[in-house]
Amino acid sequence: MNGFDEYIIPYLISQVVSIIILIAAWKRTRWARWLFSALFFWASTTNMYIGLTDPDSYLDNARFAIPLYQDFINGWFSHYNHIIIPLIAIGQFFIAVGMLLHKWWVKLACIGSIIFLLSIAPLMIGSAFPFSITVSIAAVLILTDDDKNYIWKRQEKSVFTL
């Protein structure tokens, strides 16, 4: 076993989810915002729980990461993960909420999600790479093509059609 076998099913599910989010962002940005919000709420609650109960479990991700990230995870991060992981969860919560709101909240949520997703890409299998790249592209589509109104309001016009 190469260590990847135990992750194959979650990895494949992640890739399917990333394609669904990308297609939603391309076709209907409002749907993609709902999906982003659900994804980041889930990530926020998961990371907050694990960050408060078992933060050292995240240290295992170093084995799949690029060398620079391995050094960071096994070094500085390993000493402060009990603080950093809950802070990440709070940021994910704000991204989830921002996707539901309007105007600059949506812009901040998109920019925050892009920064977060690109920063976890070097974790490779630990972040289901290329999930974070695919979903970052979806966030760019939302940022550029969405009307940025409240998620529950009817979209006034289709900002992107074929």
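The values are calculated or read from the model by the stated rules, or taken from the named source; none is laboratory data. Every value quoted in this text rests on a predicted model; they were computed, and no experiment measured them. With ideal geometry, Cβ positions are generated from the backbone for all residues, glycine too; neighbour counts draw on all protein chains shown. For the accessible areas, the whole protein counts, side chains as well, though only heavy atoms, and no ligand, DNA or RNA atoms are used. Shrake-Rupley method; radii C 1.70, N 1.55, O 1.52, S 1.80 Å.
Accessible surface for D5 stands near 80 Å², nearest 10, in the context of the full protein assembly shown (1.4 Å probe). For the range 10-162, the fraction of 1.4 Å probe accessible surface lying on carbon and sulfur atoms is 72 percent.
Compute the Rg/Rh shape ratio of the chain: radius of gyration over Kirkwood radius, all on alpha-carbon atoms.
1.00
With a Cα cut-off of under 15 Å and a minimum spacing of 8 residues unless on different chains, the lysine pairs in the range 8-162 number 5. Distance from the C-alpha centroid of the range 1-50 to that of the range 72-150: 12 Å, rounded to the whole angstrom.
Ignoring trypsin sites (Lys or Arg not before Pro) that are buried or in helix or strand per DSSP, and keeping those with at most 10 other beta carbon atoms within 10 Å, what is the longest stretch of the chain between them?
The longest uninterrupted stretch comes out as 1-152.
Taking 0.36 nm per residue of separation and subtracting the Cα-Cα distance, full extension of the segment from D5 to S78 would add 23.8 nm.
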